[in-house]
1. Output the residues belonging to the stretch 37-57 that are on the phi < 0 side of the Ramachandran plot and part of a loop (DSSP other than H, G, I, E, B).
2. Which one of these does Ala34 not meet: (1) of a type in the set (A, V, I, L, M); (2) modelled with pLDDT of 85 or more; (3) in a loop (DSSP other than H, G, I, E, B)?
3. Exactly one condition in (1) within 16 Å of Glu36 (Cα to Cα); (2) at pLDDT below 95; (3) not hydrophobic (A, V, I, L, M, F, W, C) is not met by Ser164; state its number.
4. Every residue in the stretch 69-91 that is under 28 Å from Glu111 (Cα atoms) and either charged (D, E, K, R) or part of a loop (DSSP other than H, G, I, E, B) (or both), please.
5. Kindly indicate whether Ala81 is under 19 Å from Tyr40 (Cα atoms) and either small (Gly, Ala, Ser) or in contact with a Pro (Cβ under 9 Å, 6 or more places away or on another chain) (or both).
6. Enumerate the pairs (first residue in the stretch 147-164 and over 12 Å from Met27 (Cα atoms); second residue anywhere and of a type in the set (Lys, Arg) and loosely packed, with under 14 Cβ neighbours inside 10 Å) with beta-carbon separation below 7 Å, excluding pairs fewer than 6 apart on the same chain, so at least 6 apart or on different chains.
7. Give just the number: which of (1) surrounded by fewer than 18 Cβ atoms within 10 Å (Cβ to Cβ); (2) at pLDDT 95 or above; (3) part of a loop (DSSP other than H, G, I, E, B) does Pro60 not satisfy?
Amino acid sequence: MLEHIKGILQVEDYQASVGGNMKYTKMNKQQLLAAETFSYSYANYADHLGINARFDKYMPDELKIIEQVASKGGSADDLAAKLEVDQDIAKGLISSYLVAKKIVYAENAVESFRLGVRQSIIYALEQGLNSSKDIDDLVGQICYRTSDLAYLLDIEQKELSDYSEVLRD
């Protein structure tokens, strides 16, 4: 319990040091990349920083391995061996990382949002949009992407209206 409280205080101290106006911890690009690669919303990932080793250590460590394999043109077999996972999981992680990289390093929050929504739609189409549940699941993913947009706008210290014209293109 004491460690949990220390973690919360560290997060609050960090938030105060980065401007205090954000509702969530301001994450760096590596943390955003980990959130995106492992399919967490930015706010959810940020909520766990400082209080859960999975978010502070394990996912970032795995991300470094994924980055190394992907940057060297390694295969899913290479990654599977390093992470001790099935080849299908490794293949999915490499694919997810490559998409995440585009989303996280987009020109701005709105471009990141567009890319994220596009990927959510592509995934939904691949899985099949054959029922109301499938459509509801896609709507839920778009809502998560909207939450991520709000998080990125906070980081940029911008409002959605700042991108009104760009969103209409």
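1. Taking the stretch 37-57 as the starting set, the residues that turn out to be on the phi < 0 side of the Ramachandran plot are 37-38, 40-49, 51-57.
Within the stretch 37-57, Phe38, Tyr40, Ser41, Leu49, Ile51, Asn52 qualify.
2. (3)
3. That leaves (1) as the condition not met.
4. Selection gives Lys72, Gly73, Lys91.
5. No; evaluated as a whole, the condition is false for this residue.
6. Note: no pairs meet the criteria.
7. With (1) surrounded by fewer than 18 Cβ atoms within 10 Å (Cβ to Cβ); (2) at pLDDT 95 or above; (3) part of a loop (DSSP other than H, G, I, E, B) applied to Pro60, the lone miss is (3).
The values are calculated or read from the model by the stated rules, or taken from the named source; none is laboratory data. Because the structure is predicted, anything quoted here is derived from the model rather than measured. Counting neighbours? That spans all protein chains shown, and the Cβs are built from the backbone with ideal geometry, glycine included.
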